[in-house]
Structure formats: C-alpha cells, structure tokens
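Structure, as structure tokens:
Every read-out reported here was derived from the displayed coordinates using simple, explicitly stated rules and does not represent laboratory data. All values reported here derive from a predicted model rather than from experimental measurement.
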Amino acid sequence: MKVAAGIVTASVLSVSVALLACKGGDGAASAAPAPSGAATAEPALDPNARIIDITASDKGFEPRSVDAKVGESIVLRFTRKTETECVKAIDFPSLEIKKDLPLNTPVNVPIKADAAGEIKYQCWMAMLFGKVVVQ
C-alpha cells in the first residue's frame, strides 16, 4: 500500500511541476511567443491605402488574385470564415510577414506595391495560395 501511495504522490508532484512550468514567476500564465517575423505592435495604416477584403474559407482565399498599381499602398484585410486549421495563419514568404488569422476577426496586412510583379501569399501549411499582381 505504501508503494501505491508513493506512486500517487509522485504523479501529483509531476502534474504540479508541469502546471507551474506554464506559469510565470508571479503565478500568472505566461503569454505564448509571437509568431516568428511578427512585430509586437501593429504598424500604422496609410490613410490613403486601398483596402481589399479577402475571405479565408474551406475554398481557400477569395479572391485568389488582386491587382495593384506600382507605388500603390494597399491593405489586404483577411477574415477567416472556417475552423479548418489550414487557414489559421497567413504567410507572405517574400515579405517575411506571418500573421495569425483568428476566426471571424479581420486581420490587416499593409503592403506597398513597390515594383511590378507578383507578391505571393499562402496558408501556413503552404497548401492554399493567393497573390497580388502589381502592374
């Protein structure tokens, strides 16, 4: 019986240590680290920027392609409308921008279309894609 009591005590101690590891030194839960490449403060939006709404759904990104003019400031406003894990975050590899897409919450991604070409973006799993075509 003493052995069983020792096992229960060790199990309770292990759970307590694991719970304590998830807390900060003051007992408060610690915040999750920001996604890599993510800034802690949202940059100010250009008041002259054109806002383009993009829906992230089971079908992917709609619209999948957006046109912009060279030199134009745009804000891609992503709204995730599905619980699927694939579109829980957006990644712009060439711009080194990664942002979480919380469900039913608009997320702004400001972009300056500096040069002609394509600015591609994808879901965090690199399975669904979209692009900004700059002309």
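At a glance:
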item	result
Dimensions in Å of region 95-135 - Rg and Dmax from alpha carbons	11.6, 32
Added length on full extension, which subtracts the Cα-Cα distance from 0.36 nm per residue, Ser73 to Ser94	5.9 nm
Rounded if a/c under 1.5, otherwise prolate or oblate - region 38-135, Cα gyration tensor axes	prolate
